[in-house]
Each structure stands twice: as structure tokens, then as C-alpha cells.
Amino acid sequence: MPGAAKNQTEKAFALLRKQGIVRLSELVSAGLNPATVARLAREGLITRLTRGLYQLPDADLATEHDFAEACKLVPKGVICLVSALQFHDLTDQLPRAIWMAIGSSAWKPRVTSPALRFVRFGKATLAEGIEKHKVEGVVVRVTDIPYTIADCFRFRSKVGLDVAIEGLRAALRRRPTMADAIMKAAQHRRIWTKLRPYLEAMLDHGG
């Protein structure tokens, strides 16, 4: 392998080891040219996850791998609704697409893999109740449990009221003291009137 090509390959490996999942633009910024990246993928030295997204072939894949991939493609997006329930282990649902919140006026990315389903949140809504987790070197932004529950009730026509109720019940069974936080999140999301009867009934009957 010529010296220049070897140097570029080592740069690619170093960046992928450090970040886990890397965009083509990041590889180019690190000094690689697209032709070298294509060759490395063709030779199986790196794995092309989807268009413009790469990983080392021997990388350990976390359970939340698809979430990491989605957040790498849409860095300002937030995992939400049923996908957030799944992330927090509060549902048995396996949505065919990852639910992701983006800004009300944000450009809607054209992503084919992994499958994404976008909902739009206002600026303030997009900033409330967000947790950050590191998955395969990628920062995954996801709504916390109380706001996830509130959002599922808010978007019940999209996700199904039964799914929202299931998530609420699972959250209360895990930690009954979370009721106050769920109430506050529902008030902030202006969905408390709808959520309240279900919350109170579950507390009265122990879930």
C-alpha cells in the first residue's frame, strides 16, 4: 500500500475508533478523499451503514444501534414517542420506523435507512425534557420518561391511545414516585386534562 494511501487509511481507522459512527463529510474533513473512503468500503476495511455513514466492521453494535445511526444522520433530531418508549424499555412495541422530533421549520432530511418518521416540535418543546446518551460514540438525544409519556398522549392519534396508556402504566410500575414528574410534563405539554384521568386511575388501583 503506497505511503499516502496508508496514511489516509490510518486516519480513517483512527477517526472511526474514536467516534464509532462517522459521516463522509467528517472523513473528508480529516483529510481523506471520497475515492479512498469508497475503496476502503469496497475492500471491507470499513462498513458503509447507509449513504454517507461509516463504521468499523468489528464495531460492537449496541442494542440502540439504529438510534445512534439516526442521530448521526440527524444531529439536531430527538428520539421521541414510541421509539423513546422503546429506548426506555417501557413498551413491547417495535416500530418499523424510528420516531424523531425536529424543529417546526427545520429541513426534513431525506433518509432511507434507517427508516425515520418525523414529527415537528416547537423550539421550546424541542428543548424540554431531553436526555443525552452516548451510544457507539454518538450522542443520542431522547425525550426523558415523563415527557415521552406526555408526548405519546399528545400524539395519541398517531401512536395510538393504547400505546400511550401502556407506556404510562409501565413507567408508574417502575417508579410510582414518577407521577409528579409526569404531571408536570403533561402540564408543560398542555395535555394534562387528557392524561389526568388515566394517571389518577392507575394510582388509585396501584397501576
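The values are calculated or read from the model by the stated rules, or taken from the named source; none is laboratory data. For clarity, every value in this text was computed on a predicted model and none was experimentally measured. Backbone-built Cβ (ideal geometry, glycine too); neighbour counts: all protein chains shown. The accessibility values were calculated without ligands, DNA or RNA, using every heavy atom of the protein model including side chains. Shrake-Rupley method; radii C 1.70, N 1.55, O 1.52, S 1.80 Å.
Within region 91-123, the set of residues being β-branched (Val, Ile, Thr), crowded, with 16+ Cβ neighbours inside 10 Å and in a loop (DSSP other than H, G, I, E, B) comprises 91, 111.
For residue 126, the conditions (1) out of contact with any strand residue (DSSP E or B) (no Cβ under 7 Å at 6 or more places or on another chain); (2) crowded, with 18+ Cβ neighbours inside 10 Å; (3) at pLDDT below 95; (4) assigned to a helix (DSSP H, G or I) are fulfilled apart from (1).
Once region 5-30 is narrowed to residues that are in contact with a helix residue (DSSP H, G or I) (Cβ under 9 Å, 6 or more places away or on another chain) and farther than 30 Å from residue 133 by Cβ, the residue that is modelled with the lowest pLDDT is 5. Taking the conditions (1) in contact with a strand residue (DSSP E or B) (Cβ under 7 Å, 6 or more places away or on another chain); (2) at pLDDT 85 or above in turn, residue 64 satisfies each one other than (2). Checking every residue in region 192-203 against the condition of being open to solvent by 40 Å² or more (accessible area, probe 1.4 Å), under 11 Å from residue 145 (Cα atoms) and hydrophobic (A, V, I, L, M, F, W, C) gives zero matches.
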